[in-house]
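J.: Quick one: this structure, given as structure tokens, is what I'll be asking you about.
The values are calculated or read from the model by the stated rules, or taken from the named source; none is laboratory data. Because the structure is predicted, anything quoted here is derived from the model rather than measured. When we count neighbours, we look across all protein chains shown, and the Cβ atoms used for this are built from the backbone with ideal geometry, even at glycine. With ligands, DNA and RNA removed, areas are computed over all heavy atoms of the protein, side chains included. Shrake-Rupley method; radii C 1.70, N 1.55, O 1.52, S 1.80 Å.
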Amino acid sequence: MAANYWESTQRRFWQFTKDELAATRQRLEDEDPTLVQMFPLPQLRHLNIYFNQQINRLGKRLGVRQQALATAQVYIKRFYTRVEIRRTNPYLVITTALYLACKMEECPQHIRLVSQEARSLWPSDFHGHDTSRVGECEFSLISEMNSQLIVHQPYRTLLAFQDEFGLTHEETSLAWTVINDHYMTDLPLLHPPHIVALTAILMALVLRPVSNTTGGGPTGSNTSTGAAGAGAGGGGGAGGVALAATALAQAQLQAQARVAAVFAGGGGGGNTPVTPGFTSSQGSQVGSAQGENLGEPKKATDPRLAKVQRFAMWLAESSIDIEAMVDCTQELISFYECHEQYNDKHTREQISRFIKARGLDK
Amino acid sequence: MSLTNPPSSATGPGSVSAVRSQALKRSVQAAFEDPADRGIGPMSYQSKVRVTDKYKVIGFISSGTYGRVYKALGRHGQVGEFAIKKFKPDKEGEQVTYTGISQSAVREMALCSELNHANVIRLIEIILEDKCIFMVFEYAEHDLLQIIHHHTQQPRHPIPPTTIKSIMFQLLNGCQYLHTNWVLHRDLKPANIMVTSAGEVKIGDLGLARLSYKPLQSLFSGDKVVVTIWYRAPELLLGSRHYTPAIDMWAVGCIFAELLSLRPIFKGEEAKMDSKKTVPFQRNQMQKIVDIMGLPTKERWPLLTSMHEYSQLGTLQPPMNYGHHQHGHGHGHHYQAQRQSSSSTGGSQLEKWYYTTINQHGTGNSQSPLASLGSEGYKLLAGLLEYDPEKRLTAAAALQHPFFSSGDPVTTNCFEGLKMEYPHRRVSQDDNDIRTGSLPGTKRSGLPDDSLVRPGKRVKEG
């Protein structure tokens, strides 16, 4: 439902496994292999970087807030799991997704203004499109998404947890930027928003915020440079990633130990005729003892390390899917690496090629 | 949002197979289509489903500012009857073009796609075709406006107390579901509360509903006017910038009162927006509330003084003696209100109103049927019509109210035990063509979105 992620249409219809997603995309390409061969495209993540940049440009002109930009990007992702990109004018899809997202996020923009700005932003690829084309594309978008327009974002989880984990303003900003960046990956189609948010928090804790370059933040603009710099090349990048991996592994081990302890405690009850109270207290003793055995780290003197440890402890106590967080972390790291190879001009040209050749701009 | 992993029942294979079967259906469908027609670009948008292929329209139900509602049957063996709400496209000159879907339609489409509760009207599907939006809902034979109207027909007779109790419980249950999911309905009124022939209450028309968590803009700045005036909460009338699910609960209180008395409890006249589009203070409506509830005080409603229109309160008349003010029901001698409790509620005449109302159908030696609702009925009503939105009963609290656990038990079918059957919804044959049906909006008058024109007779009565 609207506020309950587990019953939401997002979870029921728009969350895929990697295999499902790959198969869906393959099916789309197989519908018309000649088309795909004729117009090669850069890798999806590079396309997403391009879309992200374009949507930010349009959003900036209209004064649209981050939440709507994020929702628009999710719409684009969902739409392109249903429709082959080469059959569409991506600029029209971007414009329409933003127009629709603004209505859904309760910050509506007039359709005439949105299409006017789009025309002036992309004069050569969008010139033939007026408001009625945006209106028509809106039907297409809603129809392909089965009117499932409510998107759960990780931002809310982040804000809800900033106190719990004692995040500084810089750490919250950095986590916010990481969330902004995850819209350029497949993560919004693969993992629940709270997994993304917690991963972003962990990354913000282990990747030292670079005070000068952090873009974004709850109210600021959103560039990926801050986190990308910190992730790939920035100070302490490699060490930070290692730290994140350690923290997750540690949390996972502790969680396993906890489960094992509960199991042992419960199972032991059969052999030992004791009161339930005794059984449970024994169980918890075993749990804490094992936790120590499995290498509870030495008292951290570095406050940053202490925060990471507290976060890992919290994770171990929770029933969060740590495996999913590991996957999320890897996906983000690999995205920051592939960001380095992104070529803006090349991407733009390849998109323009099929737009022009197929007359999609008219 | 829940942070724990889902219960195993929710992760079952159901969801995955749903996605798969959907994908399968799509691919089968795609096989019958020219692939070039799919998607957008130089090709125009084509719906994959045609509403008239799938449904047989059997009549016209009502029209509102949004468009028209039709009654329909499935052509492919779909079980049951359907109500299809058609949103009209905007017209530019004579040419119908795509002009962007209204925000209220977008909200209703998105929210109805997520909602799933026995007491909220169920969406079957949405078909986007020929620049129109068709929302297909389960059909409900009755609505509260109809039911209330039926009881005003001569001889005027009250709605049975068991029916009222069941309706209230189901209505509150639906509200609780909406509110725990952060959905504010914002337009609860008898015409929007559907009742199926099986006696199930269904909250309908979510055209004004929206999510209330962390809105990007304050709720006030979005839509300046919400809730049909008679059901509008005092904090809205006083220009509150921040409002909450409590506005729906005030409306539920008004509906409860209307089920008891068969007429709107606060039947004010709406002051129209002036040319500068500023929202005027709804003096007449606020006065109607004050007439029964007394003037609100900052002792009972601490944030009262921070209301935008607080200064206007001074210009209102304190309630007159209730006995003179009532439009001569002639049964006033039946009320059993205790003087002291009435004065302790700060000039509220509600208790008098309640006992007068529930006793008004009694005759010389037989008790009015509504008398069985007793003092708990008053307490529930007073809890819902509480001035201070923070003190007003929430849906969850109202469901726990002794009103439901004492006296007659709550029935799941609100018609249980009734010897009569309510008249069926009027379905006209004038306009059966859902595709070309003349667009409304030109010849309408009166309350927008009311599916039934309130008979003028009711105004004169009482």
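J.: Under the condition of being assigned to a strand (DSSP E or B) and among the aliphatic types (A, V, I, L, M), which residue from segment B:119-134 is nearest to the chain's Cα centre (by Cα)?
T.: Checked segment B:119-134; the qualifying residue nearest to the chain's Cα centre (by Cα) is B:Val120.
J.: Going by what's in this entry, would A:His152 be described as at pLDDT 90 or above and open to solvent by less than 10 Å² (accessible area, probe 1.4 Å)? First the steps, then the outcome.
T.: Working: at pLDDT 90 or above: yes; open to solvent by less than 10 Å² (accessible area, probe 1.4 Å): no.
When the stated conditions are applied, A:His152 does not pass them.
J.: While we're on this one: Can you tell me which condition B:Ile84 does not meet? The list is (1) in a strand (DSSP E or B); (2) under 22 Å from B:Leu184 (Cα atoms); (3) aliphatic (A, V, I, L, M), and all the others hold.
T.: In the conditions (1) in a strand (DSSP E or B); (2) under 22 Å from B:Leu184 (Cα atoms); (3) aliphatic (A, V, I, L, M), B:Ile84 misses (2) alone.
J.: Another one. Would you tally the residues in segment A:320-358 being of a type in the set (S, T, N, Q) and free of Cβ contacts under 8 Å to residues at least 40 places away in the same chain?
T.: Here is the first cut: in segment A:320-358, the residues of a type in the set (S, T, N, Q) are A:329-330, A:334, A:341, A:343, A:347, A:350, A:352.
Adding the requirement that they be free of Cβ contacts under 8 Å to residues at least 40 places away in the same chain leaves A:330, A:334.
Final tally of qualifying residues: 2.
J.: What's the number of the condition A:Phe13 fails, among (1) under 20 Å from the mean Cα position of the chain (by Cα); (2) within 10 Å of chain B (Cβ to nearest Cβ); (3) aromatic (Phe, Trp, Tyr); (4) buried (at least 18 other Cβ atoms within 10 Å of the Cβ)?
T.: For A:Phe13, the exception is condition (4).
J.: Still on this structure: Suppose we filter segment A:86-100 for residues that are within 10 Å of chain B (Cβ to nearest Cβ) and among the hydrophobic types (A, V, I, L, M, F, W, C); how many remain?
T.: Matching residues across segment A:86-100 total 3.
J.: Quick one: is B:Ala140 open to solvent by less than 20 Å² (accessible area, probe 1.4 Å), more than 10 Å from every other protein chain (Cβ to nearest Cβ), touching a Lys or Arg at 6+ places or on another chain (Cβ under 9 Å) and assigned to a loop (DSSP other than H, G, I, E, B)?
T.: Values: open to solvent by less than 20 Å² (accessible area, probe 1.4 Å): yes; more than 10 Å from every other protein chain (Cβ to nearest Cβ): yes; touching a Lys or Arg at 6+ places or on another chain (Cβ under 9 Å): yes; assigned to a loop (DSSP other than H, G, I, E, B): yes.
Judged against the criteria, B:Ala140 is a match.
J.: Against the conditions (1) over 30 Å from A:Ala247 (Cα atoms); (2) within 12 Å of chain B (Cβ to nearest Cβ); (3) among the charged types (D, E, K, R), where does A:Asp321 fall short? Just the number, please.
T.: The number of the failed condition is (1).
J.: Also: Criterion first (open to solvent by 10 Å² or more (accessible area, probe 1.4 Å), free of Cβ contacts under 8 Å to residues at least 24 places away in the same chain, in contact with a His (Cβ under 7 Å, 6 or more places away or on another chain) and over 19 Å from A:Pro193 (Cβ atoms)) does A:Arg112 satisfy it?
T.: Considered against the rule, which asks whether it is open to solvent by 10 Å² or more (accessible area, probe 1.4 Å), free of Cβ contacts under 8 Å to residues at least 24 places away in the same chain, in contact with a His (Cβ under 7 Å, 6 or more places away or on another chain) and over 19 Å from A:Pro193 (Cβ atoms), A:Arg112 comes out as no.
J.: Now for a different question. Kindly state which helices (runs of 4 or more DSSP H) lie completely within segment B:380-462 and contain at least 1 residues that are at pLDDT 95 or above.
T.: B:395-399, B:402-405
J.: Could you please give the count of residues in segment A:115-149 that are more than 10 Å from chain B (Cβ to nearest Cβ) and either buried (at least 19 other Cβ atoms within 10 Å of the Cβ) or without any contact (Cβ under 8 Å) to a residue 12 or more places away in the chain (or both)?
T.: The number of residues fulfilling the criteria is 10.
J.: Taking the stated definitions as given, is B:Glu200 of a type in the set (D, E, K, R) and away from every other protein chain (no Cβ under 11 Å)?
T.: yes
J.: Also, I was wondering about something else. Restricting to segment B:189-235, what's the tally of residues that are at pLDDT 70 or above, outside any loop (DSSP other than H, G, I, E, B) and more than 14 Å from the chain's Cα centre (by Cα)?
T.: Going through segment B:189-235 one residue at a time, the tally reaches 3.
J.: Just to be sure before I move on: is B:Pro6 within 12 Å of chain A (Cβ to nearest Cβ), touching a Gly at 6+ places or on another chain (Cβ under 7 Å) and at pLDDT below 50 in the structure I sent?
T.: No.
J.: When B:Ala110 is evaluated against the numbered criteria (1) at the interface with chain A (Cβ under 9 Å from one of its Cβ atoms); (2) more than 30 Å from B:Ser44 (Cα to Cα); (3) open to solvent by less than 20 Å² (accessible area, probe 1.4 Å), which criterion, by number, is the only one it fails?
T.: Evaluating B:Ala110 over (1) at the interface with chain A (Cβ under 9 Å from one of its Cβ atoms); (2) more than 30 Å from B:Ser44 (Cα to Cα); (3) open to solvent by less than 20 Å² (accessible area, probe 1.4 Å) leaves (2) as the failure.
J.: Next question. Please work out which one of (1) free of Cβ contacts under 8 Å to residues at least 24 places away in the same chain; (2) within 21 Å of the chain's Cα centre (by Cα) is the condition A:Lys77 fails and give its number.
T.: Here A:Lys77 meets the rest and fails (1).
J.: Right, here's the next one. Output the residues belonging to segment A:1-47 that are among the charged types (D, E, K, R) and assigned to a helix (DSSP H, G or I).
T.: Selection gives A:Glu7, A:Arg11, A:Arg12, A:Lys18, A:Asp19, A:Glu20, A:Arg25, A:Arg27, A:Glu29, A:Asp30, A:Glu31, A:Arg45.
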